[in-house]
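Here's the structure, in structure tokens; my notes come after.
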Amino acid sequence: MKGLGSRSEAVEKLTAGSEGDEFDLLVIGGGITGAGIALDAAARGMSVGLVERGDFASGTSSKSSKLVHGGLRYLEQREFGLMREAAQERDLLRNLAPHLVEPIPFVLPVSDKWARAKFGVGLWAYDALASFKNLKVHRYLGVDETETAVPALPKGKIKGGFLFYDCKNDDVRLVMEVLIQAVRYGAVVCNYATVTDLDGTETGCVAEVEERLTGERFEIRAKKVIAAAGVWADRIEHLANPESEQRLRPSKGVHLAFSRQRVPIAEAAAFIPDAERKRFLFVIPWLESVIVGTTDTPYEGDIDKPRVEPEDRKYCIDAINSVFHLGITDADVTGAWAGLRPLVAGKAGATADLSRGHTVYDIAPNIIGITGGKLTTYRRMAGDAVDRVAEDLGNTTKSKTSWIRLGTANVEALRAAVARRGQQLAIPSESLDNLVRCYGDRAMAVLDLADADGLSEPLTPGHQPIAAEAVYCARHEMSLHLSDVLSRRTRLALTDAAAGIAPGSRAPQLMAGELGWGSETAEAEVAAHKAEVEHERGLPLHAESVMVESGTTKAGA
Ligand code: FAD
């Protein structure tokens, strides 16, 4: 099997529940937590179904800061246990998914002696919490070294900086690798399938599900249900227990993306104070762009549609301008996204003070929920939740996920093989590196497709993803909509919002060919993607840069 397998077969296996077959475990939510639970449980030998109401990772798990990290920012909140656990998970994930979880140097510029002393102590604590096993122990850089590491810093304005290491990743791709492994262990997973009702009794659970492509409704039966619905956790709990009280206090975080030319920070990321020096922002070279974020503000709006508001944009732009003096404006923003942290309500006050730890809680007989936590610690969260149901199911197997590889076992050998094959197809080296990052060992299958179908050129002119990826993702990764490919499987919409629907992009036409869309559907897909991107980034796309003009799409089918 090349990826997630056939979606129609998955729907068939899930609907078998209507005839009485039941799963040991039904997981609600296809973000990183749900994916981790599905893999953990399936690897312990349980029969597992997973349903996701949108695309996989379409919730918070596609909106993170793209770090797998110990969480230096949490020192101030004294979340020492969480930081220690996160540092251990980071190091494990580097080994389990080496194509995806990559070390990245961070520079923390300092402008006076007081800052040097304060951050020096903080970084010693950070290294100590990781038992001095951080990728490298931090060190102090002189002025010249700091300015070389972060070329965007104005000359002569800083006194030096600290260098420390963490890891970056691609959140959606991590979710996909975990889901694909879960499927290899026998889990049945399906996107665009919403749980609309949920009932748990002493004898088992029934979930009513709406399949969103056809609108058909069916029941899934399971001995146990784990709801891993992130910021939607309260809604799911309410389905099974209408008396339940609100648990979550969502917090919004936004990121902006800029071109690497506009924010020249080379290969090191920077950890910069915001304009009022109350907190820190990351400036991270990520894929083809540099991303800046994140904010942390209490959120009371529609949890289905968070967006980057003008004040969010101003906050990030002011912060970057105050440190880098680059004169950045809204016109420089190439991409932007907003995500909601599923924080568990605690004391009143700023959401930045709420714990980043997770909670597992009872919802109804045989139904539990899990929420909170971090992308970095998803494996531990999953283990905790599955431990809670395993005993009742008479399953005494311990979690196996600390040794289950995600994507590839030998990244160097893979890179060499992909380079050899890709050069024969005249694919640029950056695109080949990107294939390894996105697909691990499956990169070779994408190249097979590129070769057989003449799809080795860029999906969109000037960008790394190749045309074969759209077809591969539709065939093997359950991509059903244009946004699934542009916003998640490739991250084109994040780094260059208009690119996937710009004149010359082959994405709409290739998806149309693969999924049998007529020209009307193709036009509607382009328009829907454009509307989604414009809503989330809170800025219109330049009319001349996209295919939709006065309601007419040039995508064709
Ligand atoms: P989600 O990813 O939101 O998944 C829940 C899923 O449940 C959704 O896909 C949703 O569609 C589905 N669902 C909801 N209702 C239903 C239903 N009725 N039926 C079926 N499915 C349903 N962590 C890090 O470790 N590193 C970082 O750099 C980092 N940066 C962050 C930056 C920001 C701005 C934010 C907001 C968070 C960040 N985090 C980071 C935290 C991390 O992203 C989250 O903890 C994690 O992604 C949550 O995953 P989840 O699976 O629990 O939730």
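The values are calculated or read from the model by the stated rules, or taken from the named source; none is laboratory data. Predicted model, so just to flag it, every value in this text is computed and none were measured. Glycine gets a Cβ as well: all are built from the backbone with ideal geometry, and neighbour counts include every protein chain shown. Surface areas here come from the heavy atoms of the whole protein model, side chains and all, with no ligands, DNA or RNA. Shrake-Rupley method; radii C 1.70, N 1.55, O 1.52, S 1.80 Å.
At R0 = 22 Å, how high is the FRET efficiency between residue 325 and residue 114 if r is their beta carbon distance? Nearest 0.05 is fine. For residue 325 and residue 114, the calculated efficiency is 0.50. In straight Cα distance, which lysines are under 19 Å from residue 155, not counting same-chain residues fewer than 8 positions off? Reachable lysines: 113.
Counting only residues at least eight positions apart within a chain, or on another chain, the lysines with an alpha carbon under 19 Å from that of residue 133 are 168.
Reducing the range 139-170 and the range 24-44 to their Cα centroids gives an inter-centroid distance of 40 Å. Scoring 503-514, 374-385 by mean Cβ neighbours within 10 Å over their residues and listing the highest first yields 374-385, 503-514.
With the charge dipole of the range 198-248 set up from +1 on Lys and Arg Cβ and -1 on Asp and Glu Cβ about the Cα centre, the Cα lying farthest toward the positive end among the listed residues 244, 228, 206 is that of 228. Once you sort the root eigenvalues of the Cα gyration tensor of the range 312-466 as a ≥ b ≥ c, which label holds: rounded (a/c under 1.5), prolate (a/b larger than b/c) or oblate (the other case)? Note, shape of the range 312-466 comes out oblate. Remark: the range 433-557 carries a charge dipole of roughly 180 debye about the Cα centre, counting +1 on each Lys and Arg Cβ and -1 on each Asp and Glu Cβ. In terms of its C-alpha gyration tensor, the range 435-557 has a prolate overall shape, because the principal axis ratio a/c (a ≥ b ≥ c, square roots of the eigenvalues) is not below 1.5 and a/b outweighs b/c. Run through the range 115-189 and list the trypsin sites (Lys or Arg not before Pro) located in a DSSP loop whose Cβ has at most 13 other Cβ atoms within 10 Å. Here the sparse-neighbourhood loop sites are 133, 136, 155, 157. Note on the chain: with charges restricted to the Cβ of Lys and Arg (+1) and Asp and Glu (-1), its dipole about the Cα centre is near 2260 debye. The range 462-500 and the range 244-288 have their alpha-carbon centroids 23 Å apart. Under the classification rounded if a/c is under 1.5, otherwise prolate if a/b is larger than b/c and oblate if not, where does the range 65-136 fall, given a ≥ b ≥ c as square roots of the Cα gyration tensor eigenvalues? Prolate, because a/c is 1.5 or more and a/b exceeds b/c. When peptides 309-315, 22-28 are ranked by their average number of other Cβ atoms within 10 Å per residue, the highest-first order is 22-28, 309-315. Think of the chain as a dipole: +1 on every Lys or Arg Cβ, -1 on every Asp or Glu Cβ, centred on the Cα centre; then among 411, 72, 257, 72 lies furthest on the positive end. Placing unit charges on each Cβ (+1 for Lys and Arg, -1 for Asp and Glu) gives the chain a dipole about its Cα centre, and among 269, 289, 172 the Cα reaching farthest toward its positive end belongs to 269. Available extension along the chain between residue 21 and residue 302 is 97.5 nm, counting 0.36 nm per residue and deducting the alpha carbon span. Think of a 1.4 Å ball rolled over the protein heavy atoms: the chain then has 39 Å² of accessible area per residue. Subtracting the Cα-Cα distance of residue 157 and residue 387 from their residue separation scaled by 0.36 nm leaves 77.5 nm. Beyond 31 Å in Cα-Cα separation lie the following of the pairs 136/157; 224/530; 66/530; 314/374; 223/252; 136/530: 224/530; 223/252; 136/530. For the chain, the carbon plus sulfur part of the accessible surface works out to 50%, probe radius 1.4 Å.
Summed over qualifying helices (DSSP H, 4 residues or more, each -39500 (n - 2.57)) and divided by its residue number, the chain shows a 222 nm mean residue ellipticity of -10500 deg cm²/dmol. Residues of the range 155-171 falling in the label zone of residue 137, defined by backbone nitrogen less than 15 Å from a point 7 Å along Cα to beta-carbon, are 163-165. In a reduced charge model with +1 at each Lys and Arg Cβ and -1 at each Asp and Glu Cβ, the range 22-87 shows a dipole moment near 320 debye about its Cα centre.
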